[in-house]
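Working notes, beginning with the structure itself.
Coordinate-derived values only; no laboratory data. Computed from a predicted model, the values in this text were never measured in an experiment. So basically every Cβ, Gly included, is an ideal-geometry build from the backbone, and we count neighbours across all protein chains shown.
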Amino acid sequence: MRHILALILLLTFSQLIAQSLPWTDGRIMLNDGTEAKGKLLYNDITGVVSFESETNSGSYNARNILGFEYLNKQFYSIPYASSTGVVKQFFEVLREYKEFAVISKTNLLSQGTTSEITTLYFMRASDLIVKPFLETLAREVKWRIFESNKTQIRVLDSNLPKEIMGENFEKVKAFAKERKLVWHVQDSLISILDYYDTLIN
């Protein structure tokens, strides 16, 4: 009974969030390679994309479409090996390079709060294997008098950049040190990776 009540509360909460978000101009990429433009709403809790246009409307998950774009963000449906098996999920694409891409996924931690965890991944172009690099935990802390936000960063695989960059890693490492860029901060990491891209191009 408790499990059923918890599920009902979760679904209700997800619907309330979806209803509070505005529909935005965007496009979806269908599995046959065609694209459709219209109004789009993405619920990152359920992983469902709602879409409406003059000729088409419906709801899609990562198995139904190749990806979508809205709010100047690009999302692709990518197979990911989880504890339950290989499942297609939507990932935001932050950067695409010749040999790999940097992608991310954000999940809400608990109901009724803005506490969330964002995981940053590297995906190799050669085999499309997705490997987690770091995760950022943004936790909302409520006290009796005030509210505050705490952010925690955890590196999941410190050897991954060297594995991805190979012989160019030492040059990239020196570049980051010279400019005081840190690997576990997203903006710094993107600058580091952009420099790496200049080495291979």
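Output the qualifying pairs, or none if there are none: Cβ atoms under 7 angstrom, residues six or more apart or on different chains, first residue in the range 149-162 and surrounded by 11 or more Cβ atoms within 10 Å (Cβ to Cβ), second residue part of a loop (DSSP other than H, G, I, E, B).
That search, which allows pairs on different chains as well, returns I153/H184; V155/H184; P161/W183.
Starting from the range 63-77, keep only residues that are surrounded by 15 or more Cβ atoms within 10 Å (Cβ to Cβ), then list their pairs with residues that are in a loop (DSSP other than H, G, I, E, B) and among the charged types (D, E, K, R) whose Cβ atoms are within a distance under 8 Å, requiring at least 6 positions of separation or different chains.
S77/R63
Farther than 24 Å from W23 by Cβ and of a type in the set (D, E, K, R): which single residue out of E92, E52, E99 fits that description?
E99
For the range 44-73, give me each residue that is of a type outside the set (S, T, N, Q), part of a loop (DSSP other than H, G, I, E, B) and closer than 20 Å to T119 by Cβ.
Answer for the range 44-73, where residues must be of a type outside the set (S, T, N, Q), part of a loop (DSSP other than H, G, I, E, B) and closer than 20 Å to T119 by Cβ: D44, I45, G47, A62, L71.
Would you be able to say whether some residue in the range 41-51 is surrounded by fewer than 18 Cβ atoms within 10 Å (Cβ to Cβ), in contact with a strand residue (DSSP E or B) (Cβ under 8 Å, 6 or more places away or on another chain) and farther than 26 Å from V86 by Cβ?
No, the range 41-51 contains no residue that is surrounded by fewer than 18 Cβ atoms within 10 Å (Cβ to Cβ), in contact with a strand residue (DSSP E or B) (Cβ under 8 Å, 6 or more places away or on another chain) and farther than 26 Å from V86 by Cβ.
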